[in-house]
Amino acid sequence: MEAGCWAHARRNFYELAQLRQAPLALEAVRQIDVIFAAERGINGCGAGERLAARQEQIRPLVQAFENWMRVQRPNLSRHAELAKAMDYMLKRWPSFARFTEDGRICLTNNAAERALRGIALGRKARLFAGSDRGGERAAAIYSLIVTAKLNGVDPQAWLADTLRRINDQPVSQLHQLLPWNWRPEPAIIAA
């Protein structure tokens, strides 16, 4: 399920506001900044607490921003850069609003991008993964490792334990092996 990155969307409006002093772009940045400020107030809270705060405080801001864009958009030429910035969000609106429905979803993907920066820097060294399929597999493994790290889990211990347990894990309980749900078995802790 896709979750849109508000930092990327904001950047489109911010660049227009800086270059052209466009009042609508400035207003879009102002409204997005209010959403970011509200989100900063709940950083570090648990997923349930974040969800409750988002439902009460942030969802109305997000809905107001969407409504504002839908009112302003018809007044712009389809070729206007500001229209393109609005269209980018409006065409993907469910993905941008998704964070208000799930306390685990971040407002931006900045943390994931920072975590993956090392992978991007080593791209030339791994330019030839053998095949497209090999590259896709490498990307999947990197994604799993970084996800484990972002959740404070030792990737090597998690991967070894998950590979050992996955065949015996009922399909209905596979979610327990995801890095954010994973708990090592006592034998793994003692080792």
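The values are calculated or read from the model by the stated rules, or taken from the named source; none is laboratory data. Bear in mind that the values here come from a model prediction, so they are computed numbers and not experimental data. Cβ sites come from the backbone with ideal geometry, for glycine too, and all protein chains shown count toward neighbours.
State which residue is farthest from residue 104 (Cα to Cα) when the search covers only segment 142-181 and only residues that are surrounded by 14 or more Cβ atoms within 10 Å (Cβ to Cβ) and touching a Lys or Arg at 6+ places or on another chain (Cβ under 8 Å).
Checking each candidate, the answer is 155.
Evaluate the following for residue 88: is it in contact (Cβ under 8 Å) with a residue 12 or more places away in the chain, over 13 Å from residue 107 (Cα atoms), assigned to a helix (DSSP H, G or I) and under 17 Å from the mean Cα position of the chain (by Cα)?
yes
Listed residues 80, 64, 47, 85; which is of a type outside the set (S, T, N, Q) and closer than 25 Å to residue 146 by Cβ?
Exactly one of 80, 64, 47, 85 is of a type outside the set (S, T, N, Q) and closer than 25 Å to residue 146 by Cβ, namely 47.
Against the condition under 19 Å from residue 59 (Cα atoms) and in a helix (DSSP H, G or I), how does residue 39 come out, does it pass?
yes
State yes or no: is residue 82 surrounded by fewer than 17 Cβ atoms within 10 Å (Cβ to Cβ), modelled with pLDDT under 95 and in a helix (DSSP H, G or I)?
Numbers: surrounded by fewer than 17 Cβ atoms within 10 Å (Cβ to Cβ): no; modelled with pLDDT under 95: yes; in a helix (DSSP H, G or I): yes.
Here the answer is no, as residue 82 does not meet what is asked.
Rundown of residues vs (1) touching a Phe, Trp or Tyr at 6+ places or on another chain (Cβ under 9 Å); (2) without any contact (Cβ under 8 Å) to a residue 12 or more places away in the chain; (3) among the aliphatic types (A, V, I, L, M), yes/no style:
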| residue | (1), (2), (3) |
| --- | --- |
| 37 | no, yes, yes |
| 56 | no, yes, no |
| 74 | no, yes, no |
| 79 | no, yes, no |
| 82 | yes, no, yes |
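Tell me, which residue of segment 18-34 that is surrounded by 19 or more Cβ atoms within 10 Å (Cβ to Cβ) and among the small types (Gly, Ala, Ser) is farthest from residue 76 (Cα to Cα)?
Checking each candidate, the answer is 28.
Just to check your reading of the model, which residue among 131, 172 is at pLDDT 90 or above, of a type in the set (Gly, Ala, Ser) and outside the structural domain of residue 63 (by TED's automatic domain parsing)?
172
Just to be sure, is residue 107 in contact (Cβ under 8 Å) with a residue 12 or more places away in the chain, within 25 Å of residue 17 (Cα to Cα), among the hydrophobic types (A, V, I, L, M, F, W, C) and not in a helix (DSSP H, G or I)? Spell out the reasoning first.
Details: in contact (Cβ under 8 Å) with a residue 12 or more places away in the chain: yes; within 25 Å of residue 17 (Cα to Cα): yes; among the hydrophobic types (A, V, I, L, M, F, W, C): yes; not in a helix (DSSP H, G or I): yes.
Yes, satisfied.
From the residues in segment 1-36 that are assigned to a loop (DSSP other than H, G, I, E, B) and not hydrophobic (A, V, I, L, M, F, W, C), which one is modelled with the lowest pLDDT? Spell out how you get there, then give the answer.
Initial filter on segment 1-36 (assigned to a loop (DSSP other than H, G, I, E, B)): 1-5, 21-22.
Filter once more, so that each one left must be not hydrophobic (A, V, I, L, M, F, W, C): 2, 4, 21.
Numbers: 2: 82, 4: 87, 21: 67.
That would be 21.
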